[in-house]
Amino acid sequence: MFVTHLECSATSETYEAGRLHNLSAAGKPLLVRYDLDRVSLTREELAARPSDMWKWRELLPLPKGVAPVSLGETETPLIGLERIGASAGARAPIVKDEGRLPTGSFKARGLAMAVSMARHLGVTRIALPTNGNAGAALAAYGARAGMETLVICPAETPAINVEETAAYGAVVIVADGQIDECGRIIGEGAEQGRWFDCSTLKEPYRIEGKKVMGLELAEQLDWELPDVIFYPTGGGTGLIGMWKAFGELEAIGLIGPKRPRLIAVQAAGCAPVVRAFEAGADSSERWEGAATMATGIRVPKAIGDFLILRAVRESGGAAIAVEEIDIASAIIDAAREDGFLLCPEGGAVLAAWHKALENGLVGRQERCVLFNCANGNKYPLAGQSRRARLADLDPATL
């Protein structure tokens, strides 16, 4: 294992690895640091390994010889939206489809790592707040690890996510309020020693699982990073993690200094990071009355907002908010034009790509990667079919 220590993301204060931690003494996320000078990893070695999350063990915190809690976290594909691109007069955007992962979302990456480390460090009961997919992933990996799981979710969480989480045996509570308010209850219980808090960025290892998206992307694009990455941003773990991953890849000699511009995508009905970015602020203010169909990015106040803003600015990127009507239209267009059923958060990302093209933020020939964070089949779809009696159907009129 190449982990040297944990580091406060705000103060750089160091913490001992190999022990349970939540936030730093400053109340900020902890980041895992590695002795990258000792990591020897070649492109050829990686290409010969199985195409899954665990091929990157040198850049992950789970000690050598410790089996991960795994449900088969495969490498996710890159799929071009050719007709969408042609219709926009632009190079086809590339979707990295995280919906192929266990439990149907990119939350599997982070929770596989968090639960693996929690089990390794002796945890038996885990908990988090969720708008949907994180709860299902925690429950699945918790069941796999033989742990007790508690999940608290806002009342607006899609019913299919609530029932999926319960199906894995978790205790699921649906409560009034937003995800950060549910998170307060989880935090209080963790302080009382009732469970370990696996909330976004409130423990140091989910980000290490999520950063694999960036590691994979570099290898899939023949070690040439794209010009722009569009990422659906609620808690922002994946965006922060990928930015971290690119620095680690350069440090061990697998890529050069080129970086993509990061575009943090939010819904107009819940856009605290966009508001902070446009105001030039280093952190965001809580968004009151948060509302959007893209529940995964309905996060009124992210604990890692300052890290999101830092990564976006360091990359030369931006933060974009999109309207509900544009999210819905993007989902329909991708399905009908390219046969790709995006989740609502993926719809927001595609809508943001269109918006960026229109305002000149992105060039029409730039290579853009869009993250679809979950399987579109997990979400309610508008009824568009027709009903008829078989006796009344005439092929000549169909």
Next item on the list: Kindly provide the set of residues from the stretch 234-256 that are surrounded by fewer than 24 Cβ atoms within 10 Å (Cβ to Cβ), part of a loop (DSSP other than H, G, I, E, B) and either touching an Asp or Glu at 6+ places or on another chain (Cβ under 6 Å) or small (Gly, Ala, Ser) (or both), ordered by number.
Entry: Gly253, Gly256
Next item on the list: Identify all residues within the stretch 30-66 that are assigned to a loop (DSSP other than H, G, I, E, B) and either on the phi > 0 side of the Ramachandran plot or crowded, with 21+ Cβ neighbours inside 10 Å (or both); write none if there are none.
Entry: Leu60, Pro61, Leu62, Gly65
Note to self: Being small (Gly, Ala, Ser) and in contact with a Phe, Trp or Tyr (Cβ under 6 Å, 6 or more places away or on another chain) is the requirement here; does Ala318 meet it?
What the structure shows: no
Next item on the list: Determine, yes or no, whether Val69 is part of a loop (DSSP other than H, G, I, E, B), touching a residue at least 60 places away in the same chain (Cβ under 8 Å) and buried (at least 17 other Cβ atoms within 10 Å of the Cβ).
Entry: yes
Margin query: Pairs needed: first member in the stretch 334-359, farther than 23 Å from Pro158 by Cα; second member anywhere, at pLDDT 95 or above and part of a helix (DSSP H, G or I); C-beta distance under 7 Å; at least 6 residues apart or different chains.
Written below: Glu337/Arg83; Glu337/Ile84; Glu337/Ser87; Asp338/Glu82; Asp338/Arg83; Asp338/Ile84
Note to self: Quick check on the stretch 86-102. Is at least one of its residues surrounded by 24 or more Cβ atoms within 10 Å (Cβ to Cβ) and more than 30 Å from Glu366 (Cβ to Cβ)?
What the structure shows: no
Next item on the list: Go through the residues of the stretch 383-396 one by one and say whether even a single one is surrounded by 17 or more Cβ atoms within 10 Å (Cβ to Cβ) and of a type in the set (A, V, I, L, M, F, W, C).
Entry: no
Next item on the list: Restricting attention to the stretch 90-116, report how many residues are more than 18 Å from Tyr168 (Cβ to Cβ), part of a loop (DSSP other than H, G, I, E, B) and touching a residue at least 40 places away in the same chain (Cβ under 8 Å).
Entry: 3
Checklist line | Checking Arg109 against (1) surrounded by 23 or more Cβ atoms within 10 Å (Cβ to Cβ); (2) modelled with pLDDT under 95, the condition it does not meet | finding: (2)
Notebook entry, point to check: Does the stretch 344-358 contain at least one residue that is at pLDDT 95 or above, part of a loop (DSSP other than H, G, I, E, B) and of a type outside the set (Ser, Thr, Tyr)?
Noted result: no
Margin query: Please go through the stretch 309-324 and give me each residue that is over 15 Å from Trp353 (Cα atoms) and in a helix (DSSP H, G or I), ordered by number.
Written below: Leu309, Arg310, Ala311, Val312, Arg313, Glu314, Ser315
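The values are calculated or read from the model by the stated rules, or taken from the named source; none is laboratory data. Everything numeric here is computed off the predicted structure, so don't read it as measured data. With ideal geometry, Cβ positions are generated from the backbone for all residues, glycine too; neighbour counts draw on all protein chains shown.
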